[in-house]
1. For segment 160-199, give me each residue that is in a loop (DSSP other than H, G, I, E, B), more than 13 Å from residue 295 (Cα to Cα) and in contact with a strand residue (DSSP E or B) (Cβ under 9 Å, 6 or more places away or on another chain).
2. Is it the case that residue 198 is surrounded by fewer than 22 Cβ atoms within 10 Å (Cβ to Cβ) and farther than 22 Å from residue 270 by Cβ?
3. Can you name the number of the only condition in (1) surrounded by fewer than 23 Cβ atoms within 10 Å (Cβ to Cβ); (2) small (Gly, Ala, Ser); (3) within 22 Å of the chain's Cα centre (by Cα) that residue 163 fails?
4. Would you please name the residue that is modelled with the highest pLDDT, looking only at residues in segment 33-47 that are in a loop (DSSP other than H, G, I, E, B) and under 13 Å from the mean Cα position of the chain (by Cα)?
5. Got a sec? Which helices (runs of 4 or more DSSP H) wholly within segment 49-151 have at least 1 residues that are within 22 Å of residue 173 (Cβ to Cβ) and without any contact (Cβ under 8 Å) to a residue 60 or more places away in the chain?
6. All but one of (1) within 21 Å of the chain's Cα centre (by Cα); (2) surrounded by 20 or more Cβ atoms within 10 Å (Cβ to Cβ); (3) on the phi < 0 side of the Ramachandran plot hold for residue 68; state the number of the condition that does not hold.
7. Given the conditions (1) in contact with a helix residue (DSSP H, G or I) (Cβ under 8 Å, 6 or more places away or on another chain); (2) without any contact (Cβ under 8 Å) to a residue 40 or more places away in the chain, report the number of the one that residue 212 does not fulfil.
8. Consider residue 264 carefully, then state whether it is assigned by TED's automatic domain parsing to the domain that holds residue 32 and surrounded by 19 or more Cβ atoms within 10 Å (Cβ to Cβ).
Amino acid sequence: MRAAFLALVAAAVVGGCGGPARGLVIRASSSSAAGEPVVVGLERFGEELAATTDGRIRVEVYPNNALGNERDVLELAILGAVELTAPSNAPLATFVPEMLVFDLPYLFRDRPHMYAVLDGAIGRRFEAPVAERGLVLLGYFEAGLRHLMTRDRPVNRPDDLAGLKIRTMENPLHLRAFEAFGANPLPMAYGEVYTALEQGVIDGAEAAPSNYYAKRFHEVAPHWSEIGWMYLVSPLVMSQAFFDRLSPADQAAVRRAAQRAIAFEREEYQRQDLVAMARLEAEGVIFSRPDRSGLEAAAQSVWREAADRVDPALVEAIRAEGR
């Protein structure tokens, strides 16, 4: 039934989103809202590619899951019905399980460490398994350093997380991480978070500063605790079926545009986070910076328990990068 549904959606997308007779149109999908860094990064990819190909290849960006949720869009990309997407890492890891390693809590020391891993041999090792699933891994956007918002009281120390209902993505390692932190994690669709916070269905959620501000979550969850538990990875992937139809010159143009867009998107994420923090402070958000050592220690149990899902040798290689 799911395959039949996706086939119908693919037909609708192909029939309803086709470009003009001249040139090629790349449909790029994102779950992020217009103006957020991932969407801006996809737009920059389009600008770079149009400039390189004299407008012969152009990109149409569809934010806010306009073409479907991240899992469904990945399947559509495999079918060739959507050409480009930059999901959060976990949906892609359902197709390439070894990539789940990037969702371990406190895996990366800082942004330079993350970029060195993603842009080096470790990041490239996933190109082959991604290709086996019908996708081309062009590189990695980032989706920010994730912290914690709460509605009723701040989290000043790790013990303050005990018993709090915290929304996470539907990701086994994210759920396990917040269990290890002492909270009660609750997977929930992103579009439901504001109302759930407002109504007290959940006590808090994790997010990057730019998301927290853009979605106005601070209106209903005014406490912001900088626990820095995750640098979220957002792989940039293209439909292999589409990529294979391109000439070698156009394939090279796509790869160059992707690398320029990735560099731009990462800088934009950091810029938007800084702007968001200043605006949040001006709007009365209550900040706390708890000692993270207890959370980092709890994260080690998640790493150990995840040994059946992620390669411990790969975790060690990531941690050793740049030391």
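1. Passing the criteria: 163, 164, 169, 170, 171, 188.
2. Yes: the conditions hold for residue 198.
3. (3)
4. Out of the qualifying residues, it is 36.
5. 70-79, 89-93, 121-124, 127-132
6. The single condition residue 68 does not satisfy is (3).
7. (2)
8. Values: assigned by TED's automatic domain parsing to the domain that holds residue 32: yes; surrounded by 19 or more Cβ atoms within 10 Å (Cβ to Cβ): yes.
Criteria met by residue 264.
The values are calculated or read from the model by the stated rules, or taken from the named source; none is laboratory data. Here the structure is a predicted model, which means the values were calculated and not measured. Neighbour counts are summed over all protein chains in view; Cβ atoms, including those assigned to glycine, are modelled from backbone coordinates with ideal geometry.
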